[in-house]
1. What number of residues in segment 10-21 are in a loop (DSSP other than H, G, I, E, B), open to solvent by less than 60 Å² (accessible area, probe 1.4 Å) and either over 25 Å from Pro96 (Cβ atoms) or modelled with pLDDT under 95 (or both)?
2. If I go through segment 62-88 residue by residue, how many of them are assigned to a loop (DSSP other than H, G, I, E, B) and either touching a His at 6+ places or on another chain (Cβ under 6 Å) or polar (S, T, N, Q) (or both)?
3. Just to be sure before I move on: is Asn73 more than 22 Å from Ser141 (Cβ to Cβ), touching a residue at least 40 places away in the same chain (Cβ under 8 Å) and over 16 Å from the mean Cα position of the chain (by Cα) in the structure I sent?
4. Can you tell which of Ile7, Ile91 is in a helix (DSSP H, G or I) and within 11 Å of the chain's Cα centre (by Cα)?
5. If I filter segment 68-90 for residues that are β-branched (Val, Ile, Thr), within 22 Å of His13 (Cα to Cα), at pLDDT 95 or above and open to solvent by 20 Å² or more (accessible area, probe 1.4 Å), do I get at least one hit?
6. If you check every pair at least six apart or on different chains, which have Cβ atoms under 9 Å apart with a residue in segment 92-116 that is open to solvent by 100 Å² or more (accessible area, probe 1.4 Å) first and a residue that is assigned to a loop (DSSP other than H, G, I, E, B) and charged (D, E, K, R) second?
7. Restricting the search to segment 22-61, which residues are more than 15 Å from Phe5 (Cβ to Cβ), open to solvent by less than 80 Å² (accessible area, probe 1.4 Å) and part of a loop (DSSP other than H, G, I, E, B)?
8. Inside segment 126-156, can you point out the residues that are outside any loop (DSSP other than H, G, I, E, B), touching a strand residue (DSSP E or B) at 6+ places or on another chain (Cβ under 7 Å) and either under 15 Å from Thr84 (Cα atoms) or hydrophobic (A, V, I, L, M, F, W, C) (or both)?
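The values are calculated or read from the model by the stated rules, or taken from the named source; none is laboratory data. Predicted, not measured: the structure shown is a model, and the values here were computed from it. Virtual Cβ from ideal backbone geometry, glycine too; neighbours counted across all protein chains shown. Protein only, heavy atoms only, side chains kept; ligands, DNA and RNA dropped before computing areas. Shrake-Rupley method; radii C 1.70, N 1.55, O 1.52, S 1.80 Å.
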Amino acid sequence: MISLFRIDFRLLHYQTSQVWPKKLDINMIVVANDAVIQDPLRMSLMKMSAPANCGLKILSVEKAGLFLMDPKNERRRIELLVETPKDALRIIRSVPGIQHLNVALMKGGPGKKMVCPSLAFAPEDYDDLRSIVDLGVKAESYVTPDERPVSITKYL
């Protein structure tokens with residue numbers, strides 16, 4: 001069962017490896033990212049930062065979808081991390097029943113618009129997030145467990 005599905009450009013870091021797992025009693029972290037699986041250094045760093053009491057899977061987006069569909073995972077409390085709305089949409093389309101998405105941190109850069117202090121959208125992000133909402137997923141922005149969620153539709 002997916003307990004937290006989060007877009008965070010940093011993927012696995014202190015907050016996602018220590019704060020959220022304790023708050024939600026997570027026992028499996030899944031990082032779904034096509035670039036990370038090609039980068040041994042990033043994979044190694046993520047493995048070092050994973051909490052000792054959690055399993056960790058670093059998979060391509062496609063393989064993450066297949067992993068999440070495994071009936072054995074119904075008993076797990078999974079934190080699923082993706083980097084972009086595009087990857088979130090790919091997961092949502094391949095894994096039935098996802099109802100909630102935490103749109104937490106999207107970094108700025110050329111061609112991106114800051115819509116709030118933690119979110120910068122590229123033009124394609126608007127389309128992907130609209131598609132996610134249109135699929136019936138409740139998409140909300142909040143960075144920490146103590147923040148009040150804001151509907152992503154506010155920024156679309």
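1. Step one: filter segment 10-21 for residues in a loop (DSSP other than H, G, I, E, B), giving 10-13.
If we keep only those that are open to solvent by less than 60 Å² (accessible area, probe 1.4 Å) too, we end up with 11-13.
Now drop any that are not either over 25 Å from Pro96 (Cβ atoms) or modelled with pLDDT under 95 (or both), which leaves 12-13.
Residues meeting the conditions: 2.
2. 1
3. Criteria met by Asn73.
4. Values: Ile7 fails: in a helix (DSSP H, G or I).
Among Ile7, Ile91, only Ile91 is in a helix (DSSP H, G or I) and within 11 Å of the chain's Cα centre (by Cα).
5. Checking segment 68-90: at least one residue is β-branched (Val, Ile, Thr), within 22 Å of His13 (Cα to Cα), at pLDDT 95 or above and open to solvent by 20 Å² or more (accessible area, probe 1.4 Å).
6. Every condition considered, the pairs that remain are Lys107/Arg10.
7. Answer for segment 22-61, where residues must be more than 15 Å from Phe5 (Cβ to Cβ), open to solvent by less than 80 Å² (accessible area, probe 1.4 Å) and part of a loop (DSSP other than H, G, I, E, B): Asn27, Asp34, Ala35, Asp39, Ala50, Pro51, Cys54, Ser60.
8. Leu129, Ile132, Val133, Ala139, Glu140, Ser141, Val150, Ile152
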